[in-house]
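Colleague: Quick one: structure below, then a few questions.
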Amino acid sequence: MKRVVITGSGTINALAHDVPGTFEAFREGRCGITELDIRDKDRLSIQIGGQVHDWDPETRFNRQQISLFDKFTQFTLLAGREAVAQSGLNFDGRLSYEAGVVLGTAAGGVNTWDDNYRTVYEEGKNRVHPFVVPKLMNNAAASHLSMEFNLKGPSFTVATACASSNHAMGQAFHMVRSGMTQVMLTGGSESMLCFGGIKAWEGLRVMSRDACRPFSLNRNGMVQGEGAAVFVFEEYDHARARRAEILAEVVGFAMTSDASDIVMPNKQGASRAIAGALRDGRLNGDEVGYINAHGTGTAANDKTECAAVADVFGPHADRLMISSTKSMHGHLIGGTGAVELLACIMALRDGVIAPTIGYEEADPECALDVVPNTARDAKVDVVLSNAFAFGGLNAVLALRKV
Amino acid sequence: MTGTGHGMSDIQDKVIRIIAEQALLDVSDVTPGSTLEELGIDSLGLVEAIFAIEETFDISVPFNANEPAATRFDISTVGSISAAIEDLVAQRVA
C-alpha cells in the first residue's frame, strides 16, 4: 500500500477567502457567523449564518464562466486554485491521466434551483436559461475542477449530507493508497444560504437563532455556513521525488452506517467509525492528541459524539482535545469536513488547536476538553476529523504529522 | 366561542385529532392527560405535529427541538399543548 500525503490546501468560507486567513481566524477564535444578507430574509425565522461576504465572482471569473458556475462551483474553483498553487503541481503531461477529483456536496447548485424556481413559479415565466442543468448538477464543481487543471483520471461527487466531504476525502485517500492514482484533488463545497436552502432547514426546528455553541449546556442548535475547501492528496514517493512541502499524512479512514434513524445520531455507529479509523491507520488511541468534532451545536449530536469518544478512548478521552470549529464558520453541510480538515492540519503543523467558541456553560454530558473559546498551543502528532451525517452515515479521517 | 373561529374545546378537539393522526391512534385513545411519550410520538413526530398545528391554526409555535423545555411551549401533555395553542391563537387575534 502507498502512503498518502497532503501537499496543497485551499478554502473560502465565512472566516476568510484563503487558508492563511482561515488559520488566523482559528487562532484568534473569531466568529464568522453574522446577520444574513440574502433575498427575502424578512420571511425567514432564522436570520444568521456563516455567510461568505465580499464575494465578487466578476473579479475571479469571466462572464461566460459565471453563466455556467453556480456559487458552489465558484467556491470550489477558488479553493482548488489555491490548493494546486501551493502544491506546485502541473498536470500537463502523463500525470494528468493519473490524477482525478473527488468532491463532496450535499445539495450542489441550490442557488440555481432557487433562482430558477422563482423564475417559473413566482414570476410565472415559461423559459429558463439554457445552462440551468449543467449549473445545478451535483458533479458540476468536480467536472469544472477537472477541466481547470486537466485531470483525466477518475472523478466524481459524493453526497452523504453532512459527511459528504469526509466520504469524498476517504475515497481520494483509498485511490492514492491503492495505487489507482498518483494525485487527487479532494474536499467539498456547499452553498445553501439562499431563501429555499434556509427555509428547508427551518422546518426541522434544529437551528439556532443566535449562535452555534457546541458542547455548551445552553447550546440551542446549528447555524448554517457556506464555502469550500480543496486539498491535494499525493502519493508520498511522488511528493518526495519533487521535494514538495508535505502538510500532513493521511493515515486512516473508516465509514459506518447506523442503520437506525434518518436524523437522530447513534453512539454505536459513531464509535465504530472512530475505532475503525484508528484500526485502519494502525494507531493506538493514546496517540491521538486532537479530534476535530462534528460538533454541530445540537442537543443530540454533541452528547452522542462525546459519549462515542469516551467509549472509544476510555481514560485517554479526558487527555485529548476535541473542538468544533463550526462555532466559527457555521455548518457547511456537505462542505464542512473539508473546511474542518484545515483545523487538523493547523494542529499538526503549527501546534495550534482551534477553539470551540461561544462556549458558556459546562454540560455534564459533554465533559471533555473542548478547548473552550481560546486557541491553545499544543504539540500533537495524530489527529482525527469526525463527520456524522443525517441518514446515519459516518466518516472519520486520521492524519499524522510528517 | 371567541372571535377567532376557534373555541377552547374546539382547539383541544383539533389538537387531539392532529396528535391521534400522528400517533396512528383512534381519537378516543388520546386524552388531555396523555403524554407524547405514552402515545409513542418521537422527536420527528413532534416536529411534524407542530407543523400541522401551525398550519391548522395559522400560528407560529416557538419550538426548538434542541431545548424543548426552555421554550414557552409546554409539550408535557396533550392538554398543556392545547392550552399553549389557545394562548397563541388569542395572541394572534389580540
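The values are calculated or read from the model by the stated rules, or taken from the named source; none is laboratory data. Predicted model, so just to flag it, every value in this text is computed and none were measured. Quick reminder, even Gly has a Cβ in these numbers, built from the backbone with ideal geometry, and neighbours come from all protein chains shown.
Colleague: So, of the residues in the range A:1-53 that are without any contact (Cβ under 8 Å) to a residue 60 or more places away in the chain and closer than 29 Å to A:ALA398 by Cβ, which turns out to be farthest from the other protein chains (Cβ to nearest Cβ)?
Modeller: Checking each candidate, the answer is A:PRO20.
Colleague: Taking the residues in the range A:56-109 that are assigned to a helix (DSSP H, G or I), surrounded by fewer than 14 Cβ atoms within 10 Å (Cβ to Cβ) and small (Gly, Ala, Ser) as candidates, determine which candidate is farthest from the chain's Cα centre (by Cα).
Modeller: Among those residues, the one meeting the criterion is A:SER67.
Colleague: Exactly one of these conditions fails for B:ARG92: (1) within 25 Å of A:LEU44 (Cβ to Cβ); (2) within 14 Å of another protein chain (Cβ to nearest Cβ); (3) over 12 Å from the mean Cα position of the chain (by Cα). Give me its number.
Modeller: Single failed check for B:ARG92: (2).
Colleague: Filtering the range A:185-206 down to residues that are hydrophobic (A, V, I, L, M, F, W, C) and within 11 Å of another protein chain (Cβ to nearest Cβ), which residue is surrounded by the most Cβ atoms within 10 Å (Cβ to Cβ)?
Modeller: Restricting attention to the range A:185-206, the residues satisfying the condition of being hydrophobic (A, V, I, L, M, F, W, C) are A:185, A:192-195, A:198, A:200-201, A:204, A:206.
Cutting the leftovers down to within 11 Å of another protein chain (Cβ to nearest Cβ) gives us A:204, A:206.
Details: A:LEU204: 16, A:VAL206: 22.
The extreme case among them is A:VAL206.
Colleague: I'd like to verify a number: residues in the range A:142-199 that are closer than 14 Å to A:THR76 by Cβ, out of contact with any Gly (no Cβ under 9 Å at 6 or more places or on another chain) and polar (S, T, N, Q), how many?
Modeller: Residues flagged as closer than 14 Å to A:THR76 by Cβ, out of contact with any Gly (no Cβ under 9 Å at 6 or more places or on another chain) and polar (S, T, N, Q) within the range A:142-199 amount to 1.
Colleague: Go through the range A:227-262 and count every residue that is within 14 Å of chain B (Cβ to nearest Cβ) and crowded, with 18+ Cβ neighbours inside 10 Å. Show your work before the answer.
Modeller: Initial filter on the range A:227-262 (within 14 Å of chain B (Cβ to nearest Cβ)): A:260-262.
Subsequent filtering for residues that are crowded, with 18+ Cβ neighbours inside 10 Å retains none.
Summing the residues that are within 14 Å of chain B (Cβ to nearest Cβ) and crowded, with 18+ Cβ neighbours inside 10 Å in the range A:227-262 gives 0.
Colleague: While we're here: Looking only at the range B:21-74, which residues are assigned to a helix (DSSP H, G or I), touching a residue at least 12 places away in the same chain (Cβ under 8 Å) and within 13 Å of another protein chain (Cβ to nearest Cβ)?
Modeller: B:SER43, B:GLY45, B:LEU46, B:VAL47, B:GLU48, B:ALA49, B:ILE50, B:ALA52, B:ILE53 - these are the residues of the range B:21-74 that are assigned to a helix (DSSP H, G or I), touching a residue at least 12 places away in the same chain (Cβ under 8 Å) and within 13 Å of another protein chain (Cβ to nearest Cβ).
Colleague: Sticking with this one: Is at least one residue of the range A:379-386 out of contact with any helix residue (DSSP H, G or I) (no Cβ under 7 Å at 6 or more places or on another chain), closer than 25 Å to A:ASP280 by Cα and surrounded by fewer than 24 Cβ atoms within 10 Å (Cβ to Cβ)?
Modeller: Yes - at least one qualifying residue is present in the range A:379-386.
Colleague: When you go through (1) part of a loop (DSSP other than H, G, I, E, B); (2) surrounded by 24 or more Cβ atoms within 10 Å (Cβ to Cβ) one by one for A:LEU342, which number turns out not to apply?
Modeller: (1)
Colleague: Something else about it: Scan A:ARG209, A:ARG219 and give me the residue that is at pLDDT 95 or above, surrounded by 18 or more Cβ atoms within 10 Å (Cβ to Cβ) and within 12 Å of chain B (Cβ to nearest Cβ). Can you show your working first?
Modeller: On the way: A:ARG209 fails: surrounded by 18 or more Cβ atoms within 10 Å (Cβ to Cβ).
The unique qualifying residue is A:ARG219.
Colleague: List, please: which pairs have Cβ atoms under 8 Å, are six or more places apart or on different chains, and start with a residue in the range A:75-92 that is at pLDDT 95 or above and end with one that is of a type in the set (D, E, K, R) and surrounded by 23 or more Cβ atoms within 10 Å (Cβ to Cβ)?
Modeller: A:PHE75/A:GLU226; A:SER87/A:GLU234; A:LEU89/A:GLU234
Colleague: Where in the range A:134-248 are there helices (runs of 4 or more DSSP H), lying wholly inside it, with at least 3 residues that are within 30 Å of B:ALA70 (Cβ to Cβ) and among the hydrophobic types (A, V, I, L, M, F, W, C)? Even if it seems obvious, please write down each step before you answer.
Modeller: Working: elements: A:140-149, A:164-177, A:195-202, A:236-241.
Qualifying helices (runs of 4 or more DSSP H): A:195-202.
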